[in-house]
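Here is the structure we will look at.
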Amino acid sequence: MIVTDPVHAVLLASSGLMLAATTAADATEALSRPEQVAVLAVAALIVGGLYLLACAVWPYANCGRCDGAGKSRSPSGKKFRNCPRCKGTGRRKRIGRRLLDHRDNH
């Protein structure tokens, strides 16, 4: 990222964006292809681990069909009934929590 305007250079440098962009560009150029793949693999493992940790702390999310209300309209549109997917709870287990439960049961 090359900034020729001195006003924008000062603004970017003071906010840290210029330093981060330069550091990221230099780091990418310095790494070989296998090292880049290794960095991406480690980053994916970290993100996956954080997702599983979040699933352990917050195991439920809103149902996608009823948007967490627990109710859906009847086919006529005049009455409400319990959502068939979440059975009226408005919650569903997250995929990561299902993986953790499956691991614990086997």
### Message
Using a Cα-Cα cut-off of under 19 Å, which lysines could be cross-linked to K79, ignoring same-chain neighbours fewer than 8 residues away?
### Response
K71, K87
### Task
Within the range 47-84, report the trypsin sites (Lys or Arg not before Pro) that DSSP leaves as loop and that have at most 10 other Cβ atoms within 10 Å.
K78, K79
### Message
Residues of the range 51-91 with the amide nitrogen closer than 16 Å to a label point 7 Å from the Cα of D104, along Cα-to-Cβ, please.
### Response
52-61
### Task
List the residues whose amide H sits under 5 Å from the amide H of G70, counting only those 5 or more places along or on another chain, with H placed 1.01 Å from N in the peptide plane.
G90
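No value in this document is a laboratory result; all are computed from the given coordinates. Note that the structure is predicted; figures quoted are calculated from it, not measured. Don't worry about glycine lacking a Cβ; one is built from the backbone with ideal geometry, like all the others, and counts go over all protein chains shown.
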